[in-house]
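S.K.: Sharing a structure here in structure tokens format.
Any read-out appearing in this document is the output of simple, stated calculations on the displayed coordinates, not a laboratory observation. All figures in this text were calculated on a predicted structure; none of them were measured in a lab. Methodologically, a virtual Cβ is constructed for each residue, glycine included, from the backbone with ideal geometry; neighbour enumeration extends over all protein chains shown.
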Amino acid sequence: MKHALFYLGWTIGIGVLLFQGGLLLYRMKYNSMMTYEHLPYLIAFTLFPIILGISLRIPSIWLRRNNTKWGFDWVKFVFVGVPAAYVTFSMIWALTPLNQYPPLIHSGFLNQDIPTLAGVVLGYILLDSLRVPKE
């Protein structure tokens with residue numbers, strides 16, 4: 001019963017995060033259309049899925065915190081996290097001074113769904129790489 005209430009609380013929390021985050025992103029998009037200042041919206045649009053991925057991983061880490069040897073799994077981070085970060089931040093690439101160096105993935109080929117999904121994966125992997133199961 002304790003775990004059910006714990007997961008119910010996290011589900012409600014993630015629902016509130018989705019609702020408030022979506023509302024904030026909507027307001028920021030409207031503001032960026034009025035002021036032609038797109039960088040704050042793109043930064044929020046990029047960071048929101050990462051925060052969502054982190055919030056999806058927190059309950060599992062909390063429940064298994066005593067059965068875990070804490071460390072950092074570099075292999076998982078390098079082979080899953082770094083490519084996910086590259087795809088996630090590819091949309092911001094065009095509005096930075098690094099725009100003169102073309103990325104390997106052109107943001108014109110990506111719609112908004114792929115960087116969003118990569119951001120959720122990145123947030124999840126960031127926390128998942130922190131713990132190494134006891135062997």
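S.K.: To the nearest 10 degrees, how steeply does helix 39-63 sit against the main Cα axis of the chain, on a 0 to 90 scale?
M.R.: With both axes taken from Cα atoms, the answer is about 10 degrees.
S.K.: Taking the Cα atoms only, what angle lies between the long axis of helix 113-128 and the longest principal axis of the chain, rounded to 10 degrees?
M.R.: So the helix axis and the longest Cα principal axis differ by about 40 degrees.
S.K.: Hey, another quick one. Within the chain, which is the longest segment containing none of the chymotrypsin sites (Phe, Trp or Tyr not before Pro) that sit in a DSSP loop and have at most 15 other Cβ atoms within 10 Å?
M.R.: 73-135
S.K.: If you fit an axis through the alpha-carbon atoms of helix 2-35 and take the longest principal axis of the Cα set of the chain, what angle between them do you get, 0 to 90°, nearest 10?
M.R.: Relative to the chain, helix 2-35 is tipped by roughly 10 degrees.
S.K.: Which longest run of the chain has no exposed loop site in it, a site being trypsin sites (Lys or Arg not before Pro) in a DSSP loop with at most 15 other beta carbons within 10 Å, and the site itself not part of the run?
M.R.: For trypsin sites (Lys or Arg not before Pro) (loop position, at most 15 other Cβ atoms within 10 Å), the longest site-free span of the chain is 66-133.
S.K.: I want to check a number: in the chain, how many lysine pairs have alpha carbons closer than 25 Å, given a sequence separation of 8 or more or different chains?
M.R.: 4
S.K.: Please report the net charge: other residues with Cβ closer than 15 Å to the Cβ of residue 52, K and R +1, D and E -1.
M.R.: In short, -1.
S.K.: Can you compute the charge dipole magnitude of the chain about its Cα centre, using +1 on each Lys and Arg Cβ and -1 on each Asp and Glu Cβ, nothing else charged? Give it in debye, rounded to the nearest 20.
M.R.: Roughly 520 debye for the chain.
S.K.: Can I ask one more? Please state, rounded to one decimal and in Å, the Kirkwood hydrodynamic radius that the chain gives when every pair of distinct Cα atoms enters the mean of 1/r.
M.R.: So the Kirkwood estimate lands at 16.6 Å.
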